[in-house]
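Asks: My questions will all concern the structure given below.
The values are calculated or read from the model by the stated rules, or taken from the named source; none is laboratory data. Keep in mind that this is a model prediction, so the values were computed, not measured. We place every Cβ from the backbone using ideal geometry, glycine too, and count neighbours over all the protein chains shown. Only protein heavy atoms, including side chains, enter the accessible area calculation; ligands, DNA and RNA are left aside. Shrake-Rupley method; radii C 1.70, N 1.55, O 1.52, S 1.80 Å.
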Amino acid sequence: MKEYRVKGLSCGNCALMLEHEIRQLEHGEIATLSFNSGKLIVDERVSLDKVKVILKTDRAYIERENNDSHEGHDHHDHDHSEGNKKMIGILAVSAVIYLSAILVDGQAAASTVILLYLIATVLSGYSTFMKGLKNLFRLKFTIDTLMTIALVGAVSIGEWKEATLVAILFGLNELLEGLGMEKARRSMETLLKVAPKEATKLENGIEAVVPIATLQAGDIVVVKPGEKIPSDGSVLSGSSSVNESVITGESLPVEKAEGESVFGGSINNEGVLRVRINKAYQDSSLAKILHLVEEAQETKTPTELFINKFAKYYTPLIMIVAALVIVFPPLFLGGDWTEWLYQGLAVLIVGCPCALILSSPIAIVAGITRNARNGILIKGGMFLEQLGKLDTIAFDKTGTLTKGEPHVEKSVVYDEQRFLAVAGAIEKSSTHPLAKAIMKEVARHGIEIKEAEDIQAVSGRGIVATYEGNKYWLGNEGSMAHLSIPSEVQSTIEQLKESGLTLVLVADEKQVIGMFGISDEIREESRSVIAALHRTGVRHTVMLTGDHQKTAEKVASAVGVTAYYGNLLPEDKVAQVKRLAEQGNVGMVGDGINDAPALASAQLGIAMGKGTDSAIETADIVLMQDHLGKLPEAIRVARRVNRIIRFNIGVSLGLKLIALLLTIPGWLTLWVAILSDMGATIFVTLVSLTILVERKLME
């Protein structure tokens, strides 16, 4: 597949028409052309020359082949700006000539006045007329076709003044529509420009500035104050504070010292850092984020798909209505042909679906951009729309509502000689958070750690292993099914559970030799985040955990969720999410590593992971921070996008309906028709762009 940047797309409906034509080419069946991003994706076997010819019919052109580089935008922005200035100049000259014609009307010869109107019409409407004429001969009914028919009809009945005004207003409408979408695209492109371009590579003690694309894992770079870190890596030497807002959306700098990891694209504030690159730039967190943000513009929401389908039938329907308006009153009601031909031409102009099709894409791009600025990665418009509809959110407990860094709060030892030694040997190679807590406890007692053998994990229960020739079990109560636990040990277990501690038992083939009571510190922001979510309109917040029911109860009470479920295996979490989905729109929040099945089962998977690969790849939405603090704002933005889209659709259809109703008493004029369409287009564009305005949202 090949990707190209396309400039000059005049409207969403035109982009749909062009996409349809490109798909008619040989090997073009799966071609896509996005009005939102201006990206064309086609099979590499498709004739590029034929594609260019099709695009030229809409004054669109291929700007460049997309090589995943974000360079060169300034040059192309300059070209686009020049094009806009030229269009503004043409419209200004046309308006002056038009006003001159009005002023001299009645004083100069009629032919002179008509000539002035004709010059103004040709200047402002020539390209529209030529496109519309070509489309008319091919029976392709786009907005340009409708405008061309209206212009020809108006001139044929001598309505030179109104024909000229329609041409000028339509040119202005197209300009403003293009500027609105370009504003949203530029906002997105500004976000994409955060990628560093060069790096100072250190090799054999010599510094050299190299393109970022040449860096490989293992290379060492020098990052001076004010410079961007070129790719994900770790600090070899030096210390400094680093601005990671491009990744996490957090404005406060993070202190970095030797051995700590850094993100590509983040900015070094004051000290000099030597960084070992862990990933080539194209594999870095920033590159993945930017790629996914770009891709997010391509996906169409259910609302957009409905609007596009509706527009496909809407335009032909309007043409039928216009024909009836022209023919029915003169034939059956004795109306004047010229008068009703004029009314029918006005109906054609009302039929332009620009504002309707523009109701959604600018708002979607603005919403994705706004959230990306805050470190919230939304992988597509459909997920943004879904986020705004959530009424239930399920949370994993560990690492999500809690810090995910458990510690041993209490130990009960029945065999001092073996307990910590066996636990340390079994958990030595594990990366599970509970294992880390146990290893810290073992290290605190200075126990020498040996190797265990034949280690076997039992999903959701624990581990079975051999240590010094004997078989041992480590895990929760379910892993101790082979034992008959004495009443006094069972009593201790119940007491620890009542305290809300997570239990890890260690046993041999005959008895429990000890147990750890482990707790996980609740995140400071969890309670306020849950409360904020309820204020945004989320009715149900549910906590899902594999921990004991008492532990679940303790955490749930502390954070304020409306329901909780404990003792859940991974498959149980999936079942609970599916059950919740039967009752409403459900989002699942987890760390993107251990909760992949539940995230995939929810209507919307939300991962938090501060840029971890698994978090980015697993979920539909990624919170790039290591906390939930920005989730309520993301939902507020998504709800606002949905409200604006519904409002835009209502305004677009409402103004058209009012204009059509004016045909009943015969009050609809060409300039009222074009103003209703232009007014709706400008209005929905401006309303959609308000999403980009940063403001303190009331909680």
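Asks: Between Glu525 and Glu498, what length comes free when the chain is fully extended (0.36 nm per residue of separation minus the Cα-Cα distance, one decimal in nm)?
Replies: Taking 0.36 nm per residue and subtracting the Cα distance, the gain is 7.2 nm.
Asks: Going by the alpha-carbon gyration tensor, a ≥ b ≥ c the square roots of its eigenvalues, is segment 522-584 rounded (a/c under 1.5) or, if a/c is not under 1.5, prolate (a/b greater than b/c) versus oblate?
Replies: It comes out oblate by the Cα gyration axes.
Asks: Turning to a different aspect of this structure: With a 1.4 Å probe and every protein chain left in place, work out the accessible area per residue of the chain in Å², rounded to a whole number.
Replies: 44 Å²
Asks: Would you kindly state how much longer the chain becomes between Arg274 and Leu661 on full extension, computed as 0.36 nm times their sequence separation minus their alpha carbon distance, in nm to one decimal?
Replies: 132.2 nm
Asks: How far, in degrees from 0 to 90, does helix 487-498 lean away from the longest principal axis of the Cα atoms of the chain, to the nearest 10?
Replies: 30 degrees
Asks: What is the gain in length, in nm to one decimal, between Val96 and Glu553 on full extension, counting 0.36 nm per residue of separation less the C-alpha to C-alpha distance?
Replies: Working it through step by step, the gained length comes to 157.1 nm.
Asks: On to the next question. For segment 431-519, just say rounded, prolate or oblate: build the C-alpha gyration tensor, square-root its eigenvalues into a ≥ b ≥ c, call rounded for a/c under 1.5, and beyond that prolate if a/b exceeds b/c, oblate if not.
Replies: Oblate.
Asks: Considering Cα pairs under 8 angstrom that are at least six residues apart, work out the relative contact order of the chain and quote it in whole percent.
Replies: 13 percent
Asks: Also, quick follow-up: Which FRET efficiency value, to the nearest 0.05, is calculated for Ser237 and His432 with the Förster distance at 30 angstrom and r the Cβ-Cβ distance?
Replies: According to the calculation, E is roughly 0.40.
Asks: Same structure again: Which order do the peptides 117-125, 318-326 come out in when sorted by mean C-beta neighbours inside 10 angstrom, highest first?
Replies: With the highest mean Cβ count within 10 Å placed first, the list reads 117-125, 318-326.
Asks: In segment 323-425, with Lys and Arg counted as +1 and Asp and Glu as -1 at Cβ, which of these residues, Gly344, Thr402, Val422, has the Cα nearest the positive end of the dipole, that is, farthest along it?
Replies: About the Cα centre, the residue reaching furthest to the positive side is Val422.
Asks: Within the accessible area of segment 451-557, what % is carbon and sulfur when the probe is 1.4 Å and the other protein chains stay in place?
Replies: Carbon and sulfur: 45 percent of the exposed surface of segment 451-557.
Asks: With a ≥ b ≥ c taken as the square roots of the eigenvalues of the C-alpha gyration tensor of segment 618-659, please select rounded if a/c is under 1.5 and otherwise prolate if a/b is larger than b/c or oblate if it is not?
Replies: Here segment 618-659 falls in the prolate category.
Asks: Determine how many Å³ per residue the convex hull of the Cα atoms of segment 379-528 encloses.
Replies: Spelled out: Cα convex hull of segment 379-528, divided by residues, is 157 Å³.
Asks: Loop-only check: which GluC sites (Glu not before Pro) in segment 342-450 are DSSP coil with at most 15 other Cβ within 10 angstrom?
Replies: Glu416, Glu448
Asks: Which log10 I(q)/I(0) values, to two decimals, does the chain give at q = 0.10, 0.11 Å⁻¹ under the Debye formula with one point per Cα?
Replies: -1.03, -1.15
Asks: Show which lysines lie in cross-link reach of Lys52 when reach means a straight Cα distance below 27 angstrom and same-chain residues fewer than eight apart are skipped.
Replies: Of all the lysines, those that pass the test against Lys52 - Cα under 27 Å, at least 8 places apart if same chain - are Lys2, Lys7, Lys39, Lys85, Lys86, Lys131, Lys134, Lys140, Lys183, Lys300, Lys309, Lys312.
Asks: Which lysines, if any, have their Cα less than 19 Å from the Cα of Lys279, not counting same-chain residues under 8 positions apart?
Replies: The reachable lysines, counting only those whose Cα sits under 19 Å from Lys279, are Lys197, Lys201, Lys228, Lys256, Lys288, Lys610.
Asks: Heavy-atom accessible area of Phe647 with all protein chains present, probe 1.4 Å, nearest 10 Å²?
Replies: Spelled out: Phe647, probe radius 1.4 Å, area about 100 Å².
Asks: Quick one: of the DSSP bridges fully inside the chain, what percent are antiparallel, nearest 5?
Replies: 75 percent
Asks: What figure in square angstrom, to the nearest 10, would you give for the accessible area of Phe395 with a 1.4 Å probe?
Replies: Roughly 0 Å² of Phe395 is accessible to a 1.4 Å probe.
Asks: Between Phe328 and Lys52, how high is the FRET efficiency from 1/(1 + (r/R0)^6) when r is the Cβ-Cβ distance and R₀ = 51 Å? Nearest 0.05.
Replies: It comes out at approximately 0.70.
Asks: Under a crude label model (7 Å from the Cα following the beta-carbon direction), how far is Thr200 from Val458 in nanometres?
Replies: It works out to 5.8 nm between the two label points.
Asks: Roughly how many nanometres apart are two label points built 7 Å out from the Cα toward the Cβ at Glu258 and Trp337?
Replies: Going from the Glu258 label point to the Trp337 one covers 9.5 nm.
Asks: Identify all lysines with a Cα-Cα distance to Lys497 below 30 Å; exclude those on the same chain that are fewer than 8 residues away in sequence.
Replies: Lys397, Lys403, Lys410, Lys428, Lys436, Lys440, Lys471, Lys510, Lys550, Lys554, Lys573, Lys578
Asks: Could you work out, for segment 495-561, what percent of all Cα-Cα pairs fall into each 10 Å distance bin, beginning at 0 Å and stopping at the bin that holds the largest distance?
Replies: 18, 40, 25, 11, 5, 1
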